[in-house]
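The values are calculated or read from the model by the stated rules, or taken from the named source; none is laboratory data. All of these numbers come straight from a predicted model, not from anything done at the bench. So basically every Cβ, Gly included, is an ideal-geometry build from the backbone, and we count neighbours across all protein chains shown. For accessibility, only protein heavy atoms count, side chains too; no ligands or nucleic acids. Shrake-Rupley method; radii C 1.70, N 1.55, O 1.52, S 1.80 Å.
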Amino acid sequence: RIGVSPMCMYSAEDGMANTPGLTLNYASLSSAFGTALIDSVDADDGAIDGNGNGGEAFWGAGSIEATFDAQVLGSLPTHAGFVWTDGVDDIVFEAFDQNGQSLGVLVGRHADGDFVGGTAEDRFYGVVHMGGISRMIISDPSGIEVDHIQYGAVPEPASVAALGLGLLAARRRRPTT
């Protein structure tokens, strides 16, 4: 059984947190504060130009939490992370395993306080844990913006081997004339 697809990306661009198997706890969309505070990743506006003010982002009053549902997804993701776009203070990222135990904490000190399209400080905070990731939290006490969440799973070795053998068998078949 392969479970979660190899890589999924959930972004704020559709204006809704509606991905099956992913629960996202956030305060609002960044556009709720007006267009002056929209600071998404570069290229959300269709151009790679160092400016991210043409897209949407999730905003949290201190933190944003993503929780994964193994029953809906088929398994917990083994790779997951946030694309952080804005904040002022230290950024704290923490992820939890399938039993709810912390996998560790990562602290970033690169926020520049630019909330109007700058992308130089944007970073990916993520984790890889083969036992599965049940949830992750990213926080900044002054408020935090996240453009998107990425998650996926590496297929189980037996599934990969079976898939490889199936592809090999399919390749060896030759049409008869």
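Step by step: first the residues of segment 57-72, then only those that are over 14 Å from the mean Cα position of the chain (by Cα) and open to solvent by less than 30 Å² (accessible area, probe 1.4 Å), then the one that is modelled with the highest pLDDT. Which residue is that?
Checked segment 57-72; the qualifying residue modelled with the highest pLDDT is Gly62.
Just for segment 113-165: of the residues that are of a type outside the set (Asp, Glu) and touching a His at 6+ places or on another chain (Cβ under 6 Å), which one is modelled with the highest pLDDT?
Val128
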